[in-house]
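The values are calculated or read from the model by the stated rules, or taken from the named source; none is laboratory data. This is a predicted model, so every value here is computed, not measured. A quick note on method: Cβ atoms are made from the backbone with ideal geometry, for glycine too, and the neighbour counts reach across all protein chains shown.
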Amino acid sequence: MAHDIRRQKAHLRDAVLAARQQLGSDSRLAAGTALAAAAIDEWGGIRCVAAYLSFGDEPPTRELIDGLVARGTRVLLPVIDGDRLDWAIYSGADDLTDGPLGIIEPTGVRLGRPALRDAEVVMVPALAADRHGNRLGRGRGYYDRVLGGLTARTAAVLYDDELVEQIPLEPHDQTVGAILQPSGITWVA
């Protein structure tokens, strides 16, 4: 049964990644602008957000992050540390470097997982999610390890067509409380 679930997840990952490759740069830019507008409208007044810098075909998050910082929000970004994520403050594009797995990371002081206690919202990357808050990541488990035990609101970031009927689940999978898409935020928990 676990093998079937892993196979279903792999099939869904492949389908989403193939669809993302078909998106043009104009569509990605428009999605990034709409994501920023939706998130800033909802979260523009909070003190601290844990976010991530998108890469590749992911929904663009840079405009959203810069918009939050411009409004005085402290933004924490992940830094890959082995099989776990550490966190550092985003202080601008000049303090970023290429990290493992091709992910851009901040170069500032690493704050450790306790830094997430300050976050009122934790944004997480996803390939797909369902209306119950189940999300499909890339399969390495970085964010499932982060999400366990968090008290902050959590939001998976997707393109509009990546909200699906049902995500296949394994015991280690963690849920999110919201789905952030270009069309807006849907709270699920």
* To do: Restricting attention to the range 116-153, report how many residues are in contact (Cβ under 8 Å) with a residue 60 or more places away in the chain and assigned to a helix (DSSP H, G or I).
  => 5
* To do: Hey, can you tell me all the residues within the range 164-189 that are closer than 23 Å to ALA10 by Cβ and surrounded by fewer than 19 Cβ atoms within 10 Å (Cβ to Cβ)?
  => VAL164, GLU165, GLN166, PRO168, LEU169, GLU170, PRO171, HIS172, ASP173, THR175
* Asked: From LEU85, LEU96, LEU101, which residue is of a type in the set (A, V, I, L, M) and within 15 Å of the chain's Cα centre (by Cα)?
  -> LEU85
* To do: Six or more apart or on different chains, Cβ under 6 Å: which pairs go from a residue in the range 159-171 that's closer than 23 Å to ARG145 by Cβ to one that's among the hydrophobic types (A, V, I, L, M, F, W, C) and surrounded by fewer than 17 Cβ atoms within 10 Å (Cβ to Cβ)? Could you list them?
  => PRO168/ILE5; GLU170/ILE5
* Is it the case that LEU35 is free of Cβ contacts under 8 Å to residues at least 60 places away in the same chain and of a type in the set (A, V, I, L, M, F, W, C)? -> no
* Structure fact -> Only one of PRO60, PRO106, PRO100 is touching a Ser or Thr at 6+ places or on another chain (Cβ under 9 Å), more than 22 Å from ASP160 (Cα to Cα) and free of Cβ contacts under 8 Å to residues at least 40 places away in the same chain, namely PRO106
* **Total residues in the range 92-112, condition touching a Phe, Trp or Tyr at 6+ places or on another chain (Cβ under 8 Å), modelled with pLDDT under 90 and either surrounded by 15 or more Cβ atoms within 10 Å (Cβ to Cβ) or assigned to a strand (DSSP E or B) (or both)** => 1
* **Enumerated strands (runs of 3 or more DSSP E) restricted to the range 1-91, each holding at least 2 residues that are of a type outside the set (Gly, Ala, Ser) and surrounded by fewer than 20 Cβ atoms within 10 Å (Cβ to Cβ)** => 74-81, 84-89
* Asked: Which one is modelled with the highest pLDDT, of the residues in the range 143-158 that are of a type in the set (Ser, Thr, Tyr) and buried (at least 20 other Cβ atoms within 10 Å of the Cβ)?
  -> THR154
* Would you mention how many residues in the range 118-142 are surrounded by 21 or more Cβ atoms within 10 Å (Cβ to Cβ) and more than 21 Å from VAL49 (Cβ to Cβ)? => 3
* If you scan the range 1-23, which residues turn out to be of a type outside the set (A, V, I, L, M, F, W, C) and under 19 Å from the mean Cα position of the chain (by Cα)? -> LYS9, ARG13, ASP14, ARG20, GLN21
